[in-house]
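> Structure incoming, see below.
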Amino acid sequence: GCFVFKPSPKKRRVSQKTVNHFGERKDDSEDTELRYVTCQSLWNEVKLETEQIQEDLNKQLFDNLVSFLRRSHSEFQEKTTEWTCQMKSREIPTAALVLGVNVTDHDLTFRSLSEVLQNNITPYIALLEAKDCPGIKNLMQKLMGQLMNCYIDVDSLEDEDYVQVSQNRIRCSMSSLINWYESVTKKTDCETPRKKRTTSSRHWQSPPVVVIFKDMESFTTKVLQDFIVISSQHIREFPLVLIFGIATSPMIIHSLLPHSVSSLLCIELFQSLSSKEHLSTIIDKLLLTARFPFKLGEKVLQVLINIFLYHDFSVQNFIKGFQLCIVEHFYSQPLSILCCQLVDAKKRVNSLSHNQCENIRRLPSFRRYVESQASDKQIALLTADSYLKEIIQKLLEDLHVYHENYVLVLRCLHVFTSSLPKYPLGKQIRELHCACLENQVWETEEYESSLQLARMLNKPDLVTMLQQCVEIFVSSSGKEFDMTVEKLKEFLTQFQKLEDAFQERDVSVSSQKELQKKTDLYHLQKTLLELKESRRSKKLTKFEMLRFEVVDYIDSLVRNYLVPADHKTLHEIVYFNTASVLREHLNAAPRIALHTALNNPYWYLKNQALKSDGGSISNKAPDICIVYKLHLECGRLINLVDWLEAFSTVVMAVEGPNADAASSDQVDDVIHARFIRAVSELELLGFIKPSKQKTDHVARLTWGGC
Amino acid sequence: MSQPEGKGGGGGLRVKFVPDEEVLKHIADDPGIKVRKDKTQPTVSVKTFVKKLENISDDEAQEILEENKYVAALGICAQDSMGNGSSVSGGEVYSFQTPKRSSKMAELASELAQTPGQSVAPDHSECPEKTAKTPQSSSNYMFLMHVFSSLLQSKKKEFVSTTPYRLRKRLAAPDPYLESESEYSASCSEEEDEEDQKEVSTVLSGRKTPAKTMTASTPPPRNTLAKKNKENKMSNLVEEYFEAHSSSKVLTSDRTLQKLRKRRLDQQTLHDLLKKAPLAYAAEIKELNQQHESLFSKWMLQLHLGFNIVLYGLGSKRDLLEKFRTSVLQDSVHLVVNGYFPSITVRSILNSITEEVLDHIGTFRSPLDQLEFIIKRFKEDSSLELYVLIHNLDSQMLRGERSQQILAQLSSLPSIYLIASIDHINAPLMWDQAKLSLYNWLWYETTTFSPYVEETSYENSLLVQQSGSLALSSLTHVLRSLTLNARGIFRLLAQYQLENKDNTSYPGLSFQDFYQQCREAFLVNSDLTLRAQLTEFRDHKLIRTKRGADGVEYLLIPVDDSTLTDFLEKEDEDV
């Protein structure tokens, strides 16, 4: 079943270049190389950024773990022989690392964890996965293999002969492991004088051995129990530390291990950052920034977020989706060469070919722009390439400025909306971002209601929000918002003044209260009613006026700067908007495709004979469709004879209505053969399987139908 | 009523007289209990049975009338609403099973046959079921409701039946009870002779016809009726599901292919016959394929960027992948795996990588070791690149958890590019999150509608007679490499087995007898040489030995008789 094809050696030298595949379509083979390079550099940048983010986010967790590991075997280090210590040291120090359900991200976490540990604590780290360890023997073998290899890695410079010892020949047992450990530590002990700067500066004299169980839940309980019991016997000679990677909840340890075993562990719990926070950071750093020229459209972002929220919680998959977006964008949009840093883009505009200029003229957003211009300018834009290029440069700059402002105002708006009750515009900034990208946010009901709510904010909240906004605007480098900052600061001082005035009034209120204390209930009621009356008739207080002013100002900012991206000219260059492609490739529904093909072949085969409406199919449909349709009418078992006859009835009717009774008595051989083919195809697809329950019957494997 | 008794083929079927009161009680019973009763003790009340028979005979008369109406209705059949295929809701695809009548298929077939080119709106007897089946998608439901009501109106037919209790039941709780009853009748209708068989395909079911004949009686408010119907359905859905699945017995007709006097086709004749039948819609299929082929360069790009590609959709994707291979991969090392091949294993895939791609000689203790070796080699040598094409990644042999794990790990290597196809409807269930992230799939829908010729040729289909050509060729191959004497020994055994082929309790040839015969034919001179010879046969799986009750060793050739005859004939030709 396997065939290897090797090209002849001289042919093989022709190295396949990825670039060649980039734009092999005939129509727009413009600047493919440049596009590919741009794409790759952008992706590499994004990748580096995401890795950096991951590292930063995990730092806290890793620091905690490292300090735990340092603490865990301090007794062993000091070689104390106290009785209490010995009792205690029967317990294996264990870190339970709760990582969340996004299993796919764990790998990366563990990789960086082992790197950190290697640098800080110990060279002896073994990463174990459940799939490699079906039994205790495999586990020990794997463990020893990893430990001894890592020993070789560290000291390979010093003694070459040790490498020759094959791990297979060593008997896999705890005692041989201990022997190995002793010999290793002894060796480093006596070598320390010489090699102090290489190894001992980073690690202690007898560093702990860290065993990481990547997916604790998938391990067989037996294996885990055995390993823990065995190693707890030797804990005094062998400073072992376990790290459990847990996807569900820490309770799993106790449900997996009986008390007698779990009591041998001294467990400390560590919680990793939730993947939702991780995603927020990623979105913050990748999308809500003007740093990366590439942007995601609203639909696309929505698809990616939905996959994350409803399918896997995996940040890795989100990034993968982002990568696919980048690739798709650069592959399908010839103008994407301009999707780079502004400085480069301006340079590239100058060297655009005529074809590319035509491409730009074809962009819908650019057409809108042309139509809005004066007629002489229109002609110039549509005919003169050089003038066009000039304008493009200007437009690109506008777009860039728009992005910078957009992000700031968005954050500002988020400060307000994220503290409103019930979060009409969403709690997360990504939801707000989506809403703003989708359409003009100020026209939505949610925005209206959030403004209403904002008009009811109390003063301390409002002041802190304004301060936050000022911070956001100040942090930006551009000069655009100097005025805004001034204005906001003015608001703040006004609030301050109000506060002073308020304190004065406070005194009067308190005096009033004292008066009331002496009155009886009836009087109190009366005064309160009066107070209420007066308040209703009273005009807005100064504070309320100011509050209205603030909200209106924010509203004006939003209207100015949060224009949806597809209203902007040339947005097609930097925005990737084809969400359907993404959904198709990342979140495919094979069953739906099959269902459509079987029920409505016209969807694929555009032949008028196949055209049909609603629930049924034409009888001229391909054989497999007819057979499928017929089998839907059956229960759990299908009689092949009935089926065959039904099929031949249909097929005969198509071939000729004059099929006489004599020939229909014996089903035509060809039809029989076609039936057999269709049935075995259905079997291959998994709709039916042969059944032994009754002769010449097949069993259905799906429910329902029609 | 003596008819079914007389035929008596239906196993435990018993017909007995039941007094009227009991029949009534029987009918008025709770449907759930009733069903169970039906299943446990196959007792049919004489009255209902008679009634049913009457209905059936009625149908035949009505049939011609029906047909005419269909033809008349053809012209006014509107077909403007095109279904939006890709946006089919999940509820439509994964619906609950509803109990079906056995004659449903024939019914649909006749329907399809009678409406050339046109499509028929689903006949109204199955409409209520439909509406209930897709409660998840309201739009779908609305559509069906519309069909239902409009159908009723346009045809001016009422839901009134000659058998009132039946209708009542049907409308109130439609209706595992009724279905089971009618299916039951179908399965015990042993009286159907072979001459009658054609009728099944044309006779419409017993319930439909009375409803249609009573055209002019009092019109009840149809829409509300339907709505009530639907509500009832909703509440009963769960119960129905369990009722449909609680029974171990399934009621279908008992006809077999043998009665059809239909010989089973073997692989070769099947192939020849299919060649005669022209491929339908060849032009459209070609167009589809061209669409897919335009994606080749994109696939290459994405493979190189670290994604792997999986193809799904109806139709064989073998030709497409083959085209991809010949047009793009000519200049690079690539491995083609025919997953549908019945003896493919992960080990053979790994072996061909280590032995042929990496030129490594030596064996490995386990696939995991082998995988580790491959990973190491590919990581060391960055110039190594390998394209892996797997036809049917979801095949029987490769769908196991361990195989998938190994393949996933292979595919996660940056310099191994995997492009695979899947066909089984449940194929995506093979992969959990961890494997999916290793595979890093990009899904491509490539519906080709091409027949699965290669893929199904190894399938153990019910309808296809196993030709044994494989066994025959292996027999001849092995024997050709043996000595003349050895061949003679085997011949003796084969001949003896063929002589006894009619003896169903033939245990095989005992060793002693065999030795005697061989001696007489001057083929061996001691039983030791014979034993040595037999060991060789056994190693090649040419014979099987088993010990009889008396402790005597019996020898058998585990090949069917026709193959054996073929073999002997061939041998005779050669000699």
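Every read-out reported here was derived from the displayed coordinates using simple, explicitly stated rules and does not represent laboratory data. Because the structure is predicted, anything quoted here is derived from the model rather than measured. Reconstructed Cβ throughout: ideal geometry from the backbone, glycine too, with neighbour counts over all protein chains shown.
> Can you tell me how the range B:468-574 classifies by the Cα gyration tensor, rounded, prolate or oblate, using a/c under 1.5 as the rounded cut?
Oblate.
> Here's something else I'd like to know. Relative to the present Cα-Cα distance, how much length would full extension add between residue A:703 and residue A:276 at 0.36 nm per residue of separation?
Numbers: separation 427, 0.36 × 427 = 153.72 nm, distance 3.71 nm.
Here the answer is 150.0 nm.
> Further question: Would you mind counting up the charge near residue A:439? Only other residues with Cβ under 10 Å from its Cβ, with Lys and Arg at +1 and Asp and Glu at -1.
-4
> Under the definition of partner shielding as Cβ atoms of other protein chains within 10 Å of a residue Cβ, what is the mean value for peptide B:277-287? Could you put the intermediate results ahead of the total?
Values: counts 9, 0, 1, 10, 10, 0, 3, 8, 3, 0, 3.
Mean inter-chain Cβ contacts per residue within 10 Å come to 4.
> What is the distance, in nm, between label points placed 7 Å from the Cα along the Cα-to-Cβ direction at residue A:291 and at residue A:375?
The two pseudo-label positions are separated by 5.0 nm.
> Note down the nm distance, to one decimal, between modelled labels 7 Å out along Cα→Cβ at residue A:368 and at residue A:248.
Distance between the two pseudo-spin positions: 5.2 nm.
> For the range B:282-445, what is the number of Lys pairs with C-alpha distance below 21 angstrom, counting only pairs 8 or more positions apart or on separate chains? Show your work: numbers first, answer last.
Values: B:286/B:298; B:286/B:317; B:286/B:323; B:298/B:317; B:298/B:323; B:376/B:435; B:379/B:435.
Qualifying lysine pairs in the range B:282-445: 7.
> What's the average, rounded to a whole number, of partner chain beta-carbon atoms within 10 Å of each residue's beta-carbon in B:363-375?
Per-residue shielding by partner chains comes out at 1.
> Need one value for B:432-442: mean number of C-beta atoms belonging to other chains within 10 Å of its residues' C-beta atoms. Walk me through the numbers on the way to the answer.
Numbers: counts 2, 11, 8, 1, 6, 11, 2, 0, 4, 4, 7.
Taking all residues of B:432-442 together, the mean is 5.
> Given A:320/A:394; A:459/A:532; A:422/A:542; A:346/A:568, which pairs have Cα atoms separated by over 23 Å? Don't jump to the answer; show the numbers that get you there.
Details: A:320/A:394 33 Å; A:459/A:532 21 Å; A:422/A:542 28 Å; A:346/A:568 18 Å.
Where the Cα-Cα span goes over 23 Å, the pairs concerned are A:320/A:394; A:422/A:542.
> When you count, for each residue, the other Cβ atoms within 10 Å and take the mean per peptide, how do A:120-130, A:255-265, B:293-303, A:444-454 rank with the highest first? Each step should come with its number before you reach the end.
Values: A:120-130: 20.7, A:255-265: 14.5, B:293-303: 18.8, A:444-454: 16.8.
The most tightly packed comes first, giving A:120-130, B:293-303, A:444-454, A:255-265.
> Quick one: which of B:542-550, B:320-328 comes out on top by average Cβ neighbours within 10 Å, and what's the full order, highest first?
Numbers: B:542-550: 12.7, B:320-328: 16.1.
Per-residue Cβ counts within 10 Å, averaged per peptide and sorted highest first, yield B:320-328, B:542-550.
> Ok, one more. In percent, how large is the relative contact order of the range B:468-574, given Cα pairs closer than 8 Å and 6 or more residues apart? Provide the component values of the computation, followed by the final result.
Values: 90 pairs, mean separation 37.8, N = 107.
Reported as a whole number, the value is 35 percent.
> If we count every other residue with Cβ under 11 angstrom of residue A:469's Cβ, Lys/Arg +1 and Asp/Glu -1, where does the sum land?
+2
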